[in-house]
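Quick notes on the structure that follows.
FYI, it's all coordinate maths here, none of it is from the lab. None of the values given here were measured: they were computed from a predicted structure. Because the Cβ atoms are built from the backbone with ideal geometry, glycine has one as well, and the counts that use them run over all protein chains shown.
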Amino acid sequence: MKTLDVARRTSDEELSRWIKRLSLILVLGVLAFGAFYAVDRWRPAAPAIVDQQVVTLEQAVRDNPNDIAVRGQLADAYAAKGRFEDAIGQYDVIIAAGVSLEPANLGRARALQALGRLDEAAAAFEAVIAIAKDGEMAHVDLSLQAAYYGLGWIAMEQDRPLDAITHLERAVRLEDSLVYTEPSEFHFPPRHALGAVLLEEFVYNEDGQLVTTSFMDYMKPVAAGLPHFETGHIVSPCPYTLLGTKSVGEGGAIGSLAAVANAVEDALSPFGVKVTSLPITPEKVVRAVKETKVI
């Protein structure tokens, strides 16, 4: 019995020592975490990359005021920091120098747009269009497209929907290819996307039987319901094939889905409707506006 009592006391003492050790480790861990948090919370914030870039570019412009490329980078950095007035000042200097007019006017337009000076922004977007619209690469000029989109946005903000439609009415797709036999072959992917996002749906009854078994029920887009597509071609032969041929893929079927869904959700935003699934059929839109608020 004495032996058992001694063993029991020894076991209890060992357990007590382990509990004390674990408690000490826990307390030290909490204190260490608190110290690290305090240091991280109240230490001076490191300058952001854009802030460092601004300082470097400002010094570069002071050293060489005639370096238009650096001045353009400084203007873009100001815009990224939300210093739109400073950005406009730099863009004005570039425009006055008569170089890099297209990107400078585009940057100036966006800065003015951010400040709510919409009429001035529209004039700057118009300047971009005047420069770029007659260029050889106008059909692939992203600045030109951005200017049209900017004008469309401003028209909507100023409650001029018809003017907005004028700016946004053309859907432009580009394909990187060598040769093509029929321009309409590049229109199939966006047509398919419009059908997928607005019309096409497999519907089953309670017994799991497919009920959209014909084109009377399974709707497809037809020519009368499609917008006009303006197609541009960037020709770059493949160096690894005998004729330079390559597959063009179906890129137009990808972006169109999100673009149309976002457009519908934006149009229905006054009703609080959110688009969470496809297709966005007319009956779903009516039901969402009146009841569910979700498509």
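The stretch between residue 133 and residue 274, if pulled fully straight at 0.36 nm per residue, gains 47.1 nm over its current Cα-Cα span.
Add +1 for every Lys or Arg and -1 for every Asp or Glu among the other residues with Cβ under 9 Å from the Cβ of residue 151, and state the total.
Net of charged neighbours comes to -2.
A straight chain from residue 120 to residue 254 at 0.36 nm per residue would run longer than the Cα-Cα distance by 44.8 nm.
Could you give the length gained on full extension between residue 51 and residue 16, defined as 0.36 nm per residue of separation minus the Cα-Cα distance, in nm? If you can, show how the numbers build up before the last one.
Details: separation 35, 0.36 × 35 = 12.60 nm, distance 5.62 nm.
Result for the pair: 7.0 nm of gain on full extension.
Along the stretch 265-281 the Karplus relation, 6.51 cos²θ - 1.76 cosθ + 1.60 evaluated at θ = phi - 60°, assigns HN-Hα couplings of 4, 5, 5, 8, 4, x, 9, x, 8, 10, 9, 10, 8, 10, x, 9, 6 Hz to successive residues, with x for each Gly and Pro.
Starting with the fewest neighbours, write out 281, 276 ranked by other beta-carbon atoms found within 10 Å of each beta-carbon. It would help to have the intermediate numbers written out before the result.
Details: 281 16, 276 10.
Ordered by Cβ neighbours within 10 Å, fewest first: 276, 281.
Residues whose amide H falls under 5 Å from that of residue 294, counting only those 5 or more places apart or on a different chain, are 274, with hydrogens built in the peptide plane. Sequence-ordered 3J(HN,Hα) estimates for the stretch 72-82 from the Karplus curve with 6.51, -1.76 and 1.60 and θ = phi - 60° stand at x, 5, 5, 4, 5, 5, 4, 4, 4, 8, x Hz, glycine and proline given as x. Each Lys or Arg adds one and each Asp or Glu takes one away; over the other residues whose Cβ falls under 14 Å from the Cβ of residue 53, this sums to -1. Computing FRET efficiency as 1/(1 + (r/R0)^6) for residue 145 and residue 101, where r is the C-beta to C-beta distance and R0 is 25 Å, gives about 0.90.
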